[in-house]
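Below is one structure, written out as structure tokens, with a few remarks after it.
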Amino acid sequence: MRKLGKQEIEDIAVGAALLGTGGGGDPYIGKLMALQAIEEYGEITLLDVDEVPDDALVVPSAMMGAPTVMLEKAPSGEEATAAFENLKSYLGKKIFATMPIEAGGVNSMVPLALAAKLGLPVVDVDGMGRAFPELQMVTFYLDGIAATPMVLADEKGNTSLLSTINNVWTERIARAATIEMGGSTMTAIYPMTGKNIKESGIKNILTLEEQIGKTIRLAKQNNVDPIKEVLNKADGFELFRGKVSDINRKTESGFARGVATFEGINEYKGEKLEVRFQNEHLIAQTEERLLCVTPDLIAVLDAETGLPITTEGIRYGARCVVIGMPCHPKWRTEKGIEAVGPKYFGYEVGYVPVEELMKKGGLV
């Protein structure tokens, strides 16, 4: 158990945006929500999973929808509280703690802000170790844990309680409701026991996010290359360096979809890289080489500062470094690849771990 204050929040927001692989919501908005909550209610208690009783009820809190919507419709924080309190009322049980469902600029911050307001601890665990665009794309789904009962809430005061036959149907119905509710909602989802999160969760994710954010902050202070420092901390690989030459992005079916094109610079001059995304970056490839593909992580970093750039934040002319990182081993199982591998998203390539692609110089 330890306390999270303002500096920890600053560092977590940066690290979460990097592990969020372009998705998970605007890190600046998420950070402001958490910092404001700390100002009003005090520091947040962070628990290790082993400190959670096996029979305790833990409820994740998260944003659902297209991250691009947040550029015009920032959450107030009341939506998350409404979703959480409605689910608590429905379950009729005391909620011991909350937790993030994924890594991301907003989705790692929402549970922190909510915990500060409600006086609850946050558990240092999530269900992805990164971000994915659909509700069933969590390690809890791999282990048969239900996403519902689930509550969605919007900024107008609407709430919707879902009970579905399986987690894929949860995604379909909740996505349709989210579109009708303005393109983004706050959710309380996957109510679980302490035993569930110990067996199925990806542990120490907030601590890792904090360490990554701190690494980038200290690199800037000490005038060292932040990219190299991040690669060391995250066991990552440099995939490409280039300038954004084109960005094709649209909000469609409740997702931010598109492709960012980079013209190579330095040793990559003469090559072009395409990074395709659905909220999150899913595949990075040149005309001749596959460099990294889901479920491994693809992050776009500012070439000078090392700060992560989200899919809605990519801008023409920006100089970037694209990096790849190995995903959690749970995603490299047969069921994990089936749930979040390249073929699920319509890419006609097989999954090859990023470290193998780097050894081979990419696949032709």
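The values are calculated or read from the model by the stated rules, or taken from the named source; none is laboratory data. Note that the coordinates shown come from a computational prediction; the quantities given were computed from them, not determined experimentally. Note that we place each Cβ from the backbone using ideal geometry, even for glycine, and neighbour counts take in every protein chain shown. Only protein heavy atoms, including side chains, enter the accessible area calculation; ligands, DNA and RNA are left aside. Shrake-Rupley method; radii C 1.70, N 1.55, O 1.52, S 1.80 Å.
Just a yes or no: is a residue in the range 6-17 small (G, A, S) and closer than 15 Å to A153 by Cβ?
Here is the first cut: in the range 6-17, the residues small (G, A, S) are 13, 15-17.
Okay, now just the ones that are also closer than 15 Å to A153 by Cβ, so none.
No: zero hits.
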| said: Need pairs with beta-carbon distance below 6 Å; first residue closer than 20 Å to P133 by Cα and open to solvent by less than 10 Å² (accessible area, probe 1.4 Å) and within the range 311-326, second part of a loop (DSSP other than H, G, I, E, B) and modelled with pLDDT of 95 or more; sequence gap 6+ or separate chains. | reply: I323/G236; G324/D296; M325/G236
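If you check G15 against the conditions, is it open to solvent by less than 10 Å² (accessible area, probe 1.4 Å), part of a helix (DSSP H, G or I) and at pLDDT below 95? Can you show your working first?
Working: open to solvent by less than 10 Å² (accessible area, probe 1.4 Å): yes; part of a helix (DSSP H, G or I): yes; at pLDDT below 95: no.
Criteria not met by G15.
Which is within 20 Å of the chain's Cα centre (by Cα), modelled with pLDDT of 95 or more and open to solvent by less than 60 Å² (accessible area, probe 1.4 Å), of E210, E238? Write out each step before concluding.
On the way: E238 fails: within 20 Å of the chain's Cα centre (by Cα).
Result of the check over E210, E238: E210.
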| field | Given (1) crowded, with 24+ Cβ neighbours inside 10 Å; (2) more than 27 Å from W331 (Cβ to Cβ), number of the condition S108 does not satisfy | value | (2)
| query | Which residue pairs have Cβ atoms closer than 7 Å, lie 6 or more positions apart in sequence or on different chains, and pair a first residue in the range 220-240 that is of a type in the set (D, E) with a second residue that is in a loop (DSSP other than H, G, I, E, B)? | reply | D235/P326
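How about the range 220-262: which of its residues are acidic (D, E) and part of a strand (DSSP E or B)?
Let us first name the residues in the range 220-262 that are acidic (D, E), namely 225, 229, 235, 238, 246, 252.
Scanning the range 220-262 gives E238, D246, E252.
Let's see how each residue does on (1) of a type in the set (K, R); (2) more than 15 Å from the chain's Cα centre (by Cα); (3) closer than 23 Å to Y141 by Cβ:
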{"site": "T286", "(1), (2), (3)": "no, yes, no"}
{"site": "T294", "(1), (2), (3)": "no, no, yes"}
{"site": "R319", "(1), (2), (3)": "yes, yes, no"}
{"site": "K343", "(1), (2), (3)": "yes, yes, yes"}
| query | For A62, are the conditions met, namely being open to solvent by less than 70 Å² (accessible area, probe 1.4 Å), within 18 Å of Q211 (Cβ to Cβ), within 17 Å of the chain's Cα centre (by Cα) and not basic (K, R)? | reply | no
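Within the range 213-235, work out how many residues are within 18 Å of E102 (Cβ to Cβ) and modelled with pLDDT under 95. Please lay out each step first, then the result.
The initial filter retains those residues of the range 213-235 that are within 18 Å of E102 (Cβ to Cβ), namely 213, 234.
Checking the rest, the ones that are also modelled with pLDDT under 95 come to 234.
Summing the residues that are within 18 Å of E102 (Cβ to Cβ) and modelled with pLDDT under 95 in the range 213-235 gives 1.
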| With respect to I205, is the statement that it is under 20 Å from the mean Cα position of the chain (by Cα), of a type in the set (V, I, T), under 16 Å from I101 (Cβ atoms) and buried (at least 24 other Cβ atoms within 10 Å of the Cβ) true? | yes
| Scope the range 177-193; condition farther than 23 Å from L114 by Cα and either without any contact (Cβ under 8 Å) to a residue 12 or more places away in the chain or open to solvent by less than 10 Å² (accessible area, probe 1.4 Å) (or both); matching residues | E180
| said: I'd like to check something: does the range 69-91 contain any residue that is surrounded by fewer than 21 Cβ atoms within 10 Å (Cβ to Cβ), touching a helix residue (DSSP H, G or I) at 6+ places or on another chain (Cβ under 9 Å) and of a type in the set (D, E)? | reply: yes
| request: Would you point out which residue out of T164, T159, T170 is polar (S, T, N, Q) and closer than 24 Å to A16 by Cβ? | output: T170
| said: Looking at the range 45-59, can you tell me whether even one residue there is closer than 17 Å to S184 by Cβ and touching a residue at least 40 places away in the same chain (Cβ under 8 Å)? | reply: no
| task | Run M150 past the list (1) open to solvent by less than 20 Å² (accessible area, probe 1.4 Å); (2) closer than 30 Å to Q7 by Cβ and report the number of the one that doesn't hold. | result | (2)
| note | Filtering strands (runs of 3 or more DSSP E) wholly in the range 109-219 for at least 1 residues that are in contact with a strand residue (DSSP E or B) (Cβ under 8 Å, 6 or more places away or on another chain), within 21 Å of I29 (Cβ to Cβ) and of a type in the set (A, V, I, L, M) gives 150-153, 184-188
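Within the range 18-30, work out how many residues are more than 15 Å from I101 (Cα to Cα), in a helix (DSSP H, G or I) and open to solvent by less than 40 Å² (accessible area, probe 1.4 Å). Spell out how you get there, then give the answer.
Quick first cut of the range 18-30, residues more than 15 Å from I101 (Cα to Cα) only: 18, 22, 26-29.
Checking which are in a helix (DSSP H, G or I) leaves us with 18, 27-29.
From what's left, open to solvent by less than 40 Å² (accessible area, probe 1.4 Å): 18, 27, 29.
Residues meeting the conditions: 3.
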